[in-house]
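Below is one structure, written out as structure tokens; the observations come after it.
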Amino acid sequence: MGNPLAQSRRNDRAALSGSKSQSEPLYPLTIAYFSVLHLLPFGAFLSGVTRASVVACFVLYIVRIFFITAGYHCYFSHRAFKTSRIFQWILAIGAQTSGQGSVVKWAAMHHYHHAHSDSQTDLHSPKQRGFWYSHMGWLLNQRYESMICSYPKYLTKFPELMWLNKYYYLPTIVLAAVTWAILGWPGLFIGYGLSTVLTLHATFSVNSLAHLFGTRRFDTPDDSRNNWFVSLVMLGGGWHNNHHRYPRSARQGLCWGEIDITYGFLTLLAYSHAIWNLQTVALPKNREHRIAERWLTPAMNSSTCAAGRDGNSETFQQSAVRSRVR
Ligand SMILES: [Zn+2]
Ligand SMILES: [Zn+2]
């Protein structure tokens, strides 16, 4: 006698693995692209490593993680803030230098993930298809293309974004050429190549690690987790259970100790009026609430997230998502 729910999940996995064994064509070009990218840093064994190339690697990693978390994710996928058309264009180019395709397609794929999280039809659920498939295997597989019905209309109305959708590879190629022109081969292999590989895997870890390991503050219908390691490498983008609960909030680190560097940068941009209408969730107001929150058990209901010991609780449901208007 076993747990019926567990049995049902085993049946789901069995059914899915059966369909997986049917032909699911791979993308040769994507496989070639990932192969070249992963081989690129090894060129440093021939060229050597310079201090400037290491600095470039670090800077390009941090800057592009910001463009991924704030651009691809917060802005283009979840419309967590508003900005000018010029800055939107900058965000799109910056995001696409990371080599993760057009912002329009990225947003469409991400919408699909939120609508089907960890169900059999999710694009990249580790629960359904295992760690490596959720990490990057799904990108090599043509299955995901056929599952995206349409691109978001709020993005397709911009001709410049559709141009970037058509020539999605240009920003990352231009960045590679610039690092090579300025810093030589070490710049290309380490400054561009290594930082791009690290950037890719950091992003992929949100789909794999942050749906497998970590704590669950909110009882969301998916397996999303708050993962400190993913948050560290994604500058705050790994408080993923918080994010699945409040997808429109630009702030993902909601409670004490959940450092969210991307949100910090976005706040600075809001102060400088480069962006506005920054969507966020209110933090508990006083220190007791923040301290109490640390000791609350995982998987609690959203209404008890910030409950204090004195019962004078401010809940995330009550505080809801508010808008910071400039
Ligand atoms: Zn997710
Ligand atoms: Zn999201």
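Every number here is computed from the coordinates shown, using simple stated rules; none is lab data. This one's a predicted model, so the numbers in the text were calculated from it and none came from an experiment. Reconstructed Cβ throughout: ideal geometry from the backbone, glycine too, with neighbour counts over all protein chains shown.
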Checklist entry - So how much slack lies between SER150 and ASN277, counting 0.36 nm per residue of separation and subtracting their Cα-Cα distance, in nm? => result 43.1 nm
Checklist entry - How would you classify the range 127-186 from its alpha-carbon gyration tensor, with a ≥ b ≥ c the square roots of the eigenvalues: rounded for a/c under 1.5, else prolate if a/b is greater than b/c, otherwise oblate? => result oblate
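Once the piece of chain linking PHE58 and HIS116 is laid out straight, how much longer is it, given 0.36 nm per residue of separation minus the C-alpha distance between them?
Difference between extended and current length: 17.4 nm.
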Checklist entry - Tell me, what is the FRET efficiency for TRP89 and LEU46 to the nearest 0.05, using R0 = 45 angstrom and their Cβ-Cβ distance as r? => result 0.75
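For the range 26-207, rounded, prolate or oblate, judged on the Cα gyration tensor with a ≥ b ≥ c (square roots of eigenvalues), a/c < 1.5 rounded, else prolate if a/b > b/c?
Verdict is oblate for the range 26-207.
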Next on the checklist: What distance in nm separates the two pseudo spin-label positions at ARG248 and ALA181, each 7 Å out from Cα along the beta-carbon direction?
Outcome noted: 4.3
